[in-house]
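Just so it is clear, none of the values below were taken in a lab; they were calculated from the coordinates. Here the structure is a predicted model, which means the values were calculated and not measured. No Cβ is skipped: glycine too gets one built from the backbone with ideal geometry, and neighbour counts run over all protein chains shown.
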Amino acid sequence: MIYTVTLNPSVDYIVRVEQFELGSLNRTSEDSKFPGGKGINVSRVLKRLGVESNALGFIGGFTGSFVADFLSGENIQHNFIKVSGDTRINVKLKTDVETEINGVGPSVSEEQLNQFLQLFQHMNQDDIVLLAGSIPGTLPTSIYQKIMTICKEKEIKVVADVSGDALKEVLSEKPFLIKPNHHELGELFETNIQSVEDAHKYAKQLVKQGVKHVIVSMAGEGALLVTDEFSYVANVPKGKVLNSVGAGDSVVGGFLSAFSDNKSLEEAFKIGVASGSATAFSLELCTKKEVEELLPQIEVFKI
Ligand SMILES: Nc1ncnc2c1ncn2[C@@H]1O[C@H](COP(=O)(O)OP(=O)(O)O)[C@@H](O)[C@H]1O
Ligand SMILES: O=P(O)(O)OC[C@H]1O[C@](O)(COP(=O)(O)O)[C@@H](O)[C@@H]1O
């Protein structure tokens, strides 16, 4: 089973405003609400690509019920720990540019954290755990490391899609896969990554430190898969970006769907990139049909 962990889920409130004016009353031309948070997006992409997963994390209040009900409506298994505050609402403002405002999220008590950690006791080496997204302020920053230590004892593969300090923390536990975008990779090395060559150089360093697979997504500029044996670079298909929220999560979901179906790493990488672009080119997360349509446009080269 693939377990996706979203410590800080959200309701993503996506609003389109045609002529946005700061300091004025603006009205939306379109708005929609979706369950969000990186692990939850990965669970939804996996389901669309025909792979089961179980979504874990903390939810609370009316917004938390929205998230749980939405996932149940899509027949996605979930086992969230309930907290007393409301799950956050993240605003995604679409004007001529995209602006995001992500909330802090509710408090998690020590007892709720222990309840959550108990869930890992039932997992085994056939399982994959995905750790994704920000850590709620009330949880220790070492929480991902703690989960990874439990996973290591049980020989569970860990995939991490995290950034900032959380990314630094997970590296020491040598995850199976990480997927930073080029900005996140640059932040880690306190540099500005502008080319595939730069991204390759820094991803290689992470592999030397013990990360098994590094996918670096570079938005419209392509993507890389780096391992200690080989490195692949992929182009991304051409198209109009309608909504890039969840595009990175879709790369992870697409990759994991193929990997768990025993496809080669090269094929899994291609499906990951196609899934990312299919999400970027649609208003919602990618569908299987959209991913299949883009797949022939993606070429992968060894570098
Ligand atoms: N302009 C674009 N054209 C085609 N695909 C894109 C574009 N922007 C994003 N994508 C797709 O979304 C994926 C993730 O985007 P990226 O911005 O790198 O990550 P994140 O969403 O994590 O910040 C890319 O690998 C690509 O597949
Ligand atoms: O946990 P964070 O870092 O605040 O991110 C949460 C946000 O990330 C998302 O999962 C989207 O992530 P990506 O655009 O990076 O794929 C949203 O659904 C959610 O609002």
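Largest GNM mean-square fluctuation among GLU187, GLU100, GLU229, using the chain with Cα springs under 10 Å: GLU229. The Cα-based radius of gyration of the stretch 229-275, divided by its Kirkwood radius, gives an Rg/Rh of 1.01.
In terms of distances greater than 19 angstrom between alpha carbons, the cross-link table entries LYS204/LYS238; LYS33/LYS92; LYS47/LYS168; LYS240/LYS289 yield LYS204/LYS238; LYS47/LYS168. What separates the Cα centres of the stretch 268-295 and the stretch 131-177 is a distance of 26 Å.
For VAL15, neighbours were defined as the other residues whose beta-carbon sits under 15 Å from its Cβ, and their charges (Lys and Arg +1, Asp and Glu -1) total -4. The relative contact order of the stretch 1-61, computed from alpha carbon pairs under 8 Å that lie at least 6 residues apart in sequence, is 49 percent. With unit charges on the beta carbon (Lys/Arg positive, Asp/Glu negative), name the residue among VAL51, THR99, THR63 whose Cα is farthest towards the positive pole of the charge dipole of the chain. Final value for the positive-end residue is VAL51. Our helix-only sum for the chain, with -39,500 (n - 2.57) per DSSP H run of n ≥ 4 divided by its residues, gives a mean residue ellipticity at 222 nm of -10500 deg cm²/dmol. Taking a sphere under 11 Å around the Cβ of GLU74 and counting the other residues whose Cβ falls inside, with K and R at +1 and D and E at -1, yields a net charge of +2.
At a threshold of 8 angstrom on Cα-Cα distance, excluding pairs fewer than six apart, so keeping six or more, what relative contact order does the chain reach in percent? Let's see the in-between values first.
Details: 672 pairs, mean separation 45.3, N = 303.
Worked out over the chain, it gives 15 percent.
Summarising the amide proton neighbourhood of SER282: residues at separation of 5 or more, or on other chains, whose placed amide H is nearer than 5 Å comprise LEU242, ASN243.
Overall shape: oblate for the stretch 84-209, with the ratio a/c of the largest to smallest alpha carbon gyration tensor axis at 1.5 or above and b/c at least equal to a/b. Placing +1 on the Cβ of every Lys and Arg and -1 on the Cβ of every Asp and Glu, with nothing else charged, gives the chain a dipole about its Cα centre of roughly 260 debye.
Dipole check for the stretch 1-150: with +1 at the C-beta of Lys and Arg, -1 at the C-beta of Asp and Glu, and the Cα centre as origin, the magnitude is about 80 Debye. Ranked by the mean number of other Cβ atoms within 10 Å of their residues, highest first, the peptides 171-183, 3-15 fall in the order 3-15, 171-183.
What the Cα convex hull of the chain gives, in volume per residue, is 134 Å³. Bin width 10 Å, alpha-carbon pairs only: give the P(r) of the stretch 101-158 as whole percents, running from 0 to the bin holding the largest distance. Going from the shortest bin to the longest, the percentages are 21, 51, 25, 4.
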